[in-house]
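Undergrad: Before I ask anything, here is the structure I am working with.
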Amino acid sequence: MLNAIKAPIKAKTGPVLPALFLLWATVIITACTPAAENWQLSGRTMGTTYHITVVDVPQSVKRSELQSLIDDELQQVNQEMSTYIEDSELMRFNRGPVGEAIPVSEPLVDIVTLSLDIYRRSQGAFEVTVGPLVNLWGFGPQPEPEKIPSDAEIAGLQKVVGSDALKVTRKPDTITRQRPVEIDLSAIAKGHGVDRVALLLEQQGIRNYLVEIGGELRTLGVNPKGKTWIIGIEAPDSFGQMVQQPIGVSGKAVATSGDYRNYYERDGVRYAHSIDPRTGRPLQHKLASVTVLADTCAEADGLATALNVLGAEEGLALAERENLAVFMLVKTDKGFEERYSRAFAPYLERSE
């Protein structure tokens, strides 16, 4: 989970004289021009909440109209990609014929294409057809199982899981299921929703913003104080109120994946909600959370899930190979150990 930090780091904004000068300059400018608008907008989408901060909103943009545009855009994303809306485009595709190229919208084929790319890059750790295994272990619509699934049950479902069964074509945009797999985009759709809202804001002439949906976010420009956006990487505690590491990011998207909240125990064994599609079983490694920075939130979202499945060693190796900005918290006997890629190090240096 990620939090936008506002007040806690006032001491790092600079000495008193520069701060007073900036305040004085602002007074002079605003005496001649209308005051800039800074808004905070919020609502519900994708089974969670969204929070948006926009800074220096152009005068031509009306708050109520912008809120309506955002809600309509997010509703459209849901109608395209939700597995909880029976007549969504994705659900209609999942009920369609096997072996036939089904025409789909550009946004849907874009996200499936990105998902297949991350599937290949992670050697199968990111898997959008893993839904049957997630349900088997009680982390989907079905309740927690009374007993742990058998090897035979897992093996049986693994036969109907696999992104290798999906074929995408462009212009015309189609997706073909070569086996009866079903696509679930819940590990990447929130990030895509963030990107869609960010694009909408930019189309309205807004150049300073923070968009957050369910903890995944994207920033551009400066915050209401005219500074770089500061994001708090959440510490894996039970309450979600502790910040492990603040970082300054503008013009980047940030997503986190972790298993420290959603789990259950059976006979003293903890079963986390993330399933390794390669084994069909919940993750058992020591990686508590992984945070990824990327140009788009959809890619950050998908990569965070993939790296979480891979674990600390394999995940960090992938991050280094691809020059990904990645920050990890790994469970140890003494608490949590921070690990990060070379590409992430500059963000830590800027926050000091």
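The values are calculated or read from the model by the stated rules, or taken from the named source; none is laboratory data. Just so we're clear, the structure is a prediction, and the values are computed from it rather than from any experiment. Cβ atoms come from the backbone with ideal geometry, glycine included; neighbour counts cover every protein chain shown. Side chains are part of the model used for accessible areas, which takes the heavy atoms of the whole protein and leaves out ligands, DNA and RNA. Shrake-Rupley method; radii C 1.70, N 1.55, O 1.52, S 1.80 Å.
Undergrad: Expressed in nm to one decimal, what extension gain is obtained for the pair D333 and A165 from 0.36 nm per residue of sequence separation less their Cα-Cα distance?
TA: Taking D333 through A165 to full extension adds about 56.3 nm, to one decimal.
Undergrad: Right, here's the next one. So if we plug the beta-carbon distance of K286 and H51 into 1/(1 + (r/R0)^6) with R0 = 41 Å, what FRET efficiency do we get, rounded to 0.05?
TA: Rounded to the nearest 0.05, the efficiency is 0.85.
Undergrad: So, one more: Would region 276-352 count as rounded, prolate or oblate if I go by the C-alpha gyration tensor, calling it rounded below 1.5 in a/c and otherwise prolate when a/b exceeds b/c, oblate otherwise?
TA: oblate
Undergrad: Of the GluC sites (Glu not before Pro) in region 50-148, which ones lie in a loop per DSSP and count no more than 14 other C-beta atoms within 10 Å?
TA: Of the GluC sites (Glu not before Pro), the ones in loops of region 50-148 whose Cβ has at most 14 other Cβ atoms within 10 Å are E86, E100, E146.
Undergrad: Using 13 Å as the cut-off for backbone N distance, which residues of region 164-193 belong to the label zone defined by a point 7 Å from the Cα of T113 along Cα→Cβ?
TA: The answer is 168-175.
Undergrad: To the nearest 0.05, how large is the calculated FRET efficiency for E153 and R179 if R₀ is 25 Å and r is the Cβ-Cβ distance?
TA: 0.85
Undergrad: Can you pull the percent of region 119-212's accessible area that's carbon plus sulfur, 1.4 Å probe, other chains left in place?
TA: Answer for region 119-212: carbon and sulfur cover 50 percent of the accessible area.
Undergrad: Expected output is a single nm value to one decimal: the length gained when fully extending between V61 and T279, i.e. 0.36 nm times separation in residues minus the C-alpha distance. What is it?
TA: 73.4 nm
Undergrad: Using alpha carbons only, how many angstrom separate the centre of region 294-322 from the centre of region 179-239?
TA: 17
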